Each structure stands twice: as C-alpha cells, then as structure tokens.
1. Name the residue, out of Glu223, Glu241, that is among the charged types (D, E, K, R) and either open to solvent by less than 30 Å² (accessible area, probe 1.4 Å) or in contact with a Lys or Arg (Cβ under 6 Å, 6 or more places away or on another chain) (or both).
2. If a residue has to be in a helix (DSSP H, G or I) and more than 9 Å from the chain's Cα centre (by Cα) to count, how many in the range 85-112 make the cut?
3. So which residues in the range 119-143 are within 14 Å of the ligand (Cβ to nearest atom) and not in a helix (DSSP H, G or I), if there are any at all?
4. Of the residues Thr186, Thr191, which is open to solvent by 10 Å² or more (accessible area, probe 1.4 Å), among the β-branched types (Val, Ile, Thr) and without any contact (Cβ under 8 Å) to a residue 40 or more places away in the chain?
5. If Val110 passes every condition in (1) among the aliphatic types (A, V, I, L, M); (2) touching a Gly at 6+ places or on another chain (Cβ under 6 Å); (3) surrounded by fewer than 24 Cβ atoms within 10 Å (Cβ to Cβ) but one, which one does it miss?
6. With the checklist (1) touching a Leu at 6+ places or on another chain (Cβ under 9 Å); (2) assigned to a loop (DSSP other than H, G, I, E, B) in hand, flag the one item Leu82 doesn't pass.
7. Which is in the same structural domain as His132 (by TED's automatic domain parsing) and within 16 Å of the ligand (Cβ to nearest atom), of Ala76, Ala113?
Amino acid sequence: MKEQSPHCVFCGASIAAAPHSRRDGLYCCEGCFLKEKEFRALEKSREESHFSLAEALAAALDEREHQTGLHSRRVACHTLVLAKRFTEDREALRQIHWGALLHDIGKIGVPDAVLLKAGPLSEEEWAVMRTHPEKGRDILARVPFLTEAAKIVLAHEERVDGTGYPRGLAGEAIPWGARVFAVVDTLDAMTSDRPYRKGLSFDEAKGEIFRMSGTQFDPAAVEAFLAEEETLRDMVALKCEKPPFRP
Ligand SMILES: [Fe+2]
C-alpha cells in the first residue's frame, strides 16, 4: 500500500516535499514551525513583562515603607511553597505569588501619619488602615493579568472564622490562595524583629499558628504548613526573598 504523505498538524498542508519537523508522530510544516517559534518568543517576553511589572509595583511599596516591602518578598516565597501542595497549575501559582507579593500594595494609599506612625493607632486610624485591602484590589484590578491576584489582595486580611476584614468572609468564601497566604503572613510577622520587640522563634510561631487553626487559619493550610515545616524553617532562617521556583 502506498504510504500517505504527512500533513501539518497546524495548517493541514501536505508536507511530503517541504522541510518540516516531526515530534511524537506529528508533523509541522516549516511555516507553522517558524510561526510557533515566534509565538513562543512573544509569550516569553509577555511573561517577562508581567513579572517585571509586579516587581515594579512591589518596589513602589518598598519605597513607601521599607519593612513592608521586604516582608512582602519573603511571604511571596513562602506562599509558593504551600500553594504548590494544592495545585500544579502554573497560572494559579503565578496569581497567588503576585497576590502575596502585592498583598499590602493598598498601603501606598494610606497617609504617612497613619502608615508610618511610631506609636499605637487610634480607632479612627485603624479604620483608615483597614481600607488597604480594598485600595490594593482597586489598584491591581486595573491590570488585566492581575485580576485573580487582586481577589487575593482583597481577601488577605480575612479570617476563616469570619472575624477578619473588609467583608468578614468565612471558610471557603475566602479564596484559597488568601487562606494559604494568611498562615505565612503570620509566620513572617511573628518571626521578624520589630523596633519594639524581638521576633519569636520558629517553634513559638508554629505553636501560635497551630493554636489558631480553625479560627484565624484554614486547618488545611495549617496542615500544609506542618507538611512543609522543614523547608519553611530554612527559608525563615535565611530570610529568603527569592522564589524557590518560577511559576
Ligand atoms: Fe495587609
């Protein structure tokens, strides 16, 4: 029997005589091969510009309040470690990474008198500070590739028992990325030194997180924290600011 001439998997053209590539039994004509190569290069440069923009926004917050910027970079790394236990989806991991990195971006809109105040905040000042998740969501929602991250930013101060803000969401009504983030946010806050106190040890912070499982934190996120304890312990000790992998 005469063998049929192969056809391009993309455009369907017969490519018996034309230069082509073959992979897994599939053929691709030269034209489509070049187009695909061009497409991949465009995708890569689009991806790079997304990462650069997210970094630039994080740097803007860093300018406003240096401590917050460093905290954001650390929790973005730690959150990826936990989030990977729940999904392998790169886009979902990217959105969670950016949501964690930019969680406090709304603090850009909080006046210096409140954001940089050395002493305790008054009730009115707290009310201003508590607007930062909505301010952050409003900033990120304008960027098409950050719309999912914006949902995490809006929900990052919620607690699973419904006593958080700004909406008082409970349980699974809180996006899962925000529930995972909440654990590492507290871990970093507790283990970091502040001008008025020394940071807790990892084990002390672990005890507190465990105690607040089911109230402040999603028990599934706390379980993931325990499963990744050794990795997180190293990352906290090294004050890791670089993501362990590129989602
Ligand atoms: Fe916050």
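1. Numbers: Glu223 fails: either open to solvent by less than 30 Å² (accessible area, probe 1.4 Å) or in contact with a Lys or Arg (Cβ under 6 Å, 6 or more places away or on another chain) (or both).
One residue alone meets the criteria, Glu241.
2. Taking the range 85-112 and keeping what is in a helix (DSSP H, G or I), we get 90-101, 105-109, 112.
Subset that is more than 9 Å from the chain's Cα centre (by Cα): 90-91, 105-109, 112.
Here the count works out to 8.
3. Step one: of the range 119-143, the residues within 14 Å of the ligand (Cβ to nearest atom) are 121, 126, 128-137, 139-140.
Matches in the range 119-143: Leu121, Arg130, Thr131.
4. Details: Thr191 fails: without any contact (Cβ under 8 Å) to a residue 40 or more places away in the chain.
Among Thr186, Thr191, only Thr186 is open to solvent by 10 Å² or more (accessible area, probe 1.4 Å), among the β-branched types (Val, Ile, Thr) and without any contact (Cβ under 8 Å) to a residue 40 or more places away in the chain.
5. In the conditions (1) among the aliphatic types (A, V, I, L, M); (2) touching a Gly at 6+ places or on another chain (Cβ under 6 Å); (3) surrounded by fewer than 24 Cβ atoms within 10 Å (Cβ to Cβ), Val110 misses (2) alone.
6. Against the list (1) touching a Leu at 6+ places or on another chain (Cβ under 9 Å); (2) assigned to a loop (DSSP other than H, G, I, E, B), Leu82 comes up short only on (2).
7. Working: Ala113 fails: within 16 Å of the ligand (Cβ to nearest atom).
Within the list Ala76, Ala113, the selection yields Ala76.
Residue-by-condition table, conditions (1) surrounded by 15 or more Cβ atoms within 10 Å (Cβ to Cβ); (2) touching a Phe, Trp or Tyr at 6+ places or on another chain (Cβ under 8 Å); (3) of a type outside the set (A, V, I, L, M):
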position: Phe10; (1), (2), (3): yes, no, yes
position: Ile15; (1), (2), (3): yes, yes, no
position: Leu34; (1), (2), (3): no, no, no
position: Leu61; (1), (2), (3): yes, no, no
position: Glu65; (1), (2), (3): yes, no, yes
position: His71; (1), (2), (3): yes, no, yes
position: Arg74; (1), (2), (3): yes, no, yes
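The values are calculated or read from the model by the stated rules, or taken from the named source; none is laboratory data. Owing to the predicted nature of the structure, the values given are computational and were not obtained by experimental measurement. Glycine also receives a Cβ, built like all others from the backbone with ideal geometry; neighbour counts cover every protein chain displayed. Surface areas here come from the heavy atoms of the whole protein model, side chains and all, with no ligands, DNA or RNA. Shrake-Rupley method; radii C 1.70, N 1.55, O 1.52, S 1.80 Å.
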